[in-house]
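Beneath this line is the structure, given in structure tokens, with notes to follow.
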Amino acid sequence: MKSDWDAWNARSLATEPIVRLILDGTVVRVRLDRKATSISLLVVIGVREDGQKVLLAIKSMGGETTEAWRTVLDDLIGRGLYRPEFLIVDGAPGLEKAIAAVWDGVPVQRCTVHKHRNLLAHAPERLHDEITADYTDMIYAATPEQIESRRKAFIRKWRLKHRAVADSLEEAGDRLFSFTRLPFCCAICYSGRARVTAWQRAGPEDVSPAAQPSPSLLIGGTRAPLTRTTRLPSADELFVGMFSVARDIDLPITQFLDVIGIGRATLVALLRRLSSL
């Protein structure tokens with residue numbers, strides 16, 4: 001099993017049509033030597049031209065330092081990964097510095113989900129619903145011009161009402177809105193996710209055109225193309241799909257989990273979090 005895990009980590013990425021990357025660091029609870037402990041994982045998910053997500057790397061590097069992220073990125077490049085067209089990040093300074101050293105000039109998008117969490121963390125719970133409504137209204141606006149207008153309105157309002165929220169939004173700068181420079185950025189509406197769910201359950205031919213999903217959906221805090229023939233995975237299917245991407249090896253999920261020493265429940269929770277980005 002260890003050899004299978006090593007082969008998966010070393011597999012070539014030269015034939016993968018990856019155009020975007022989602023890079024995130026997360027902490028998971030694991031059991032080592034019969035003791036529960038926390039480990040930091042660096043996760044890289046690729047997005048293919050058709051919008052499909054592919055797990056490229058999951059590494060325990062002891063933290064999210066520039067050196068740790070640089071090691072992960074250098075490994076991906078060494079395995080044949082082409083220069084991506086777009087990067088989605090959580091804003092960690094170590095990651096930003098590593099990207100600048102390896103892929104300077106590639107557009108970077110701050111994850112809108114992470115920023116939403118940041119905004120809520122800077123405000124009392126009684127303001128959360130209002131912040132969420134204003135933030136959603138801004139991010140899902142129909143055009144880049146409307147997004148910019150609502151961005152300014154958000155900052156004006158919250159600078160007066162609760163300044164820490166406005167400061168948190170401004171901290172991300174223009175990188176929170178990099179997706180507006182992409183050609184497909186405004187093809188999704190507020191109810192996009194609900195439409196996708198209804199379309200999945202009923203089938204494309206059974207749902208009126210107004211209820212069918214738009215040609216794109218949020219992926220990794222930004223928007224990526226989705227053809228109407230693409231089947232969207234459930235949480236469990238995502239779990240299996242993301243960890244069965246080696247293709248050249250047949251490693252059962254239970255064995256895979258044993259190899260890396262992480263329980264299924266922990267990884268399911270991790271992947272559900274990643275799938276919401």
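I need the Kirkwood Rh of region 9-95: take the reciprocal of the average 1/r across all distinct C-alpha pairs and report it in angstrom. Don't skip to the answer; put the middle values down first.
On the way: mean 1/r = 0.0729 Å⁻¹.
Evaluated on region 9-95, it is 13.7 Å.
Reported to two decimal places, what Rg/Rh ratio describes region 1-146 when computed on Cα atoms with Rh from the Kirkwood expression?
1.02
Could you list, in their original order, any pairs among 35/115; 59/115; 2/35; 53/115; 115/152; 53/97 whose Cα atoms are separated by more than 26 Å? Don't skip to the end; give the middle numbers.
Working: 35/115 33 Å; 59/115 24 Å; 2/35 22 Å; 53/115 21 Å; 115/152 16 Å; 53/97 24 Å.
Pairs exceeding the cut-off: 35/115.
Provide 16, 125 in ascending order of the number of other Cβ atoms located within 10 Å of each residue's Cβ, fewest first.
Working: 16 17, 125 7.
Taking fewest neighbouring Cβ atoms as first place, the list is 125, 16.
Could you give the C-alpha radius of gyration of region 112-181 expressed as a fraction of 2.2 N^0.38 Å, taking N as the number of residues it contains? Working shown, then result.
Values: Rg = 11.1 Å, N = 70, 2.2 N^0.38 = 11.1 Å.
Expressed relative to 2.2 N^0.38 Å, the Cα Rg reads 1.01.
What is the Cα convex hull volume of region 12-59 when expressed per residue in Å³? Write down the numbers at each step before the final one.
Details: hull volume 3.9 nm³, N = 48.
With only Cα atoms used, region 12-59 gives 81 Å³ per residue.
Assuming 0.692 mPa s and 37 °C, estimate D for region 68-152 with Stokes-Einstein, Rh taken as the Kirkwood radius over Cα pairs, in µm²/s.
Values: Rh = 15.1 Å.
The diffusion coefficient I find is 217 µm²/s.
Read-outs throughout are calculated quantities, based only on the coordinates presented, and are distinct from any laboratory measurement. None of the values given here were measured: they were computed from a predicted structure. For neighbour counting, all protein chains shown are included, and Cβ atoms are generated from backbone atoms with ideal geometry for every residue, glycine included.
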